[in-house]
Amino acid sequence: MKLKQALNDAQRRLAQAGVDTPEFDARALAAHLLDVPLSQLTMQQMRLLTGEEMAAYETLLVRRCRRQPLQYIVGSTEFYGYELICDPRALIPRADTEALVDLSLELIDELELTRLADIGTGTGAIALALALERPNLQVLATDTSGAALELAEDNVALHGLADRVALARGPWLEPLHDTRWAGTVEMIVSNPPYVRERDFPGLMAEIREHEPREALIDTAADGMGAHRTIVEQCRLLPALRAVALEVGEGQATEVAKLMRNALRAREVIIRKDLGSIDRAVAGVLGIGER
Ligand code: SAM
Ligand code: GLN
């Protein structure tokens, strides 16, 4: 069968399965299979697929029709322009989280920070993007999930950053105390779980059925239990200068208030994501004011 025909059939089946972007996904899976850049696929439309290639394409297609996320099937994704290994061990990094990275970089530069921790690192996306963007930064990346930390370790190795990105397991800021980072850490960055339990059934099948549940759901009624815990625990860090947290839709004002009240932040900044939703909230702390 010609590639063109295979792509058309695949697109139709993906659409029937309820996949959001059937044409793109049919092409992305074929590009992955044939190991060609997506941009070159069109030039190969008349290429004949071998029986073996057809069978392999079918396997990928069946997985995607079961609503496994594309990034898990192809095994990689891009975050902040950097390649990351991506599989069901951790949440797929979202483009919206790049707003948190932008804001964090601005504060790192403005306050000349060199030591920060990324709490709930998942694939390691935020920790690695920050470390890659700022070569003098030392980062501690934490998670409660051992599986996520294994994946993060693979990504640290992929980028050769083992000397600047350390990994530690445990809840919230506890690993900082275990590793003696607590006394020196200058900034806390986190994209914690913030989906409310009652909103979970409304998420896309890809997210609901295939991404780690503990990466998404916060059990507090307002979905901000993690934010409150992190901010509260930040009060115990003597060298802390800034905290930057991702928030869900409608949560920014409350988290900003938390930073003003519990941390006595002298400045609070709110940033929007690509869809113009308030997505990242940062507090800048005065020196010696706690
Ligand atoms: N930072 C990654 C990103 O932005 O793509 C992953 C963010 S995901 C929304 C939240 C992460 O927090 C998950 O990796 C999850 O395992 C982790 N997590 C959940 N509860 C935690 C806790 N109590 N302490 C530390 N990390 C936790
Ligand atoms: N924005 C994510 C979603 O797709 C949720 C990420 C999070 O809980 N931190 O639902």
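The values are calculated or read from the model by the stated rules, or taken from the named source; none is laboratory data. What you are looking at is a predicted structure, and each value in this text was computed from that prediction instead of being measured. When we count neighbours, we look across all protein chains shown, and the Cβ atoms used for this are built from the backbone with ideal geometry, even at glycine.
Structure data summary
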quantity: Some residue of the range 259-272 being in contact (Cβ under 8 Å) with a residue 24 or more places away in the chain and within 23 Å of L137 (Cα to Cα); calculated: yes
quantity: Residue satisfying all of: in the range 235-256; surrounded by fewer than 22 Cβ atoms within 10 Å (Cβ to Cβ), of a type outside the set (G, A, S) and not in a loop (DSSP other than H, G, I, E, B); nearest to ligand 2 (Cβ to nearest atom) among these; calculated: E254
quantity: Top-ranked residue of the range 208-262 - restricted to ones that are closer than 18 Å to K272 by Cα, among the β-branched types (V, I, T) and within 18 Å of the chain's Cα centre (by Cα), ranked as farthest from ligand 1 (Cβ to nearest atom); calculated: V243
quantity: Single match in Q71, Q5 (criterion: at pLDDT 95 or above, more than 30 Å from L128 (Cα to Cα) and in a helix (DSSP H, G or I)); calculated: Q5
quantity: Positions within the range 6-64 being surrounded by 14 or more Cβ atoms within 10 Å (Cβ to Cβ), free of Cβ contacts under 8 Å to residues at least 40 places away in the same chain, within 26 Å of E209 (Cβ to Cβ) and not charged (D, E, K, R), in sequence order; calculated: L7, Q11, A15, P22, F24, A26, A30, A31, L33, A56, L60
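Residues checked against (1) more than 6 Å from ligand 1 (Cβ to nearest atom); (2) in a loop (DSSP other than H, G, I, E, B); (3) more than 15 Å from the chain's Cα centre (by Cα):
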position	(1), (2), (3)
D118	yes, no, no
T121	no, yes, no
A127	yes, no, no
L132	yes, no, yes
N136	yes, yes, yes
L140	yes, no, yes
A148	no, no, no
V156	yes, no, no
G160	yes, yes, yes
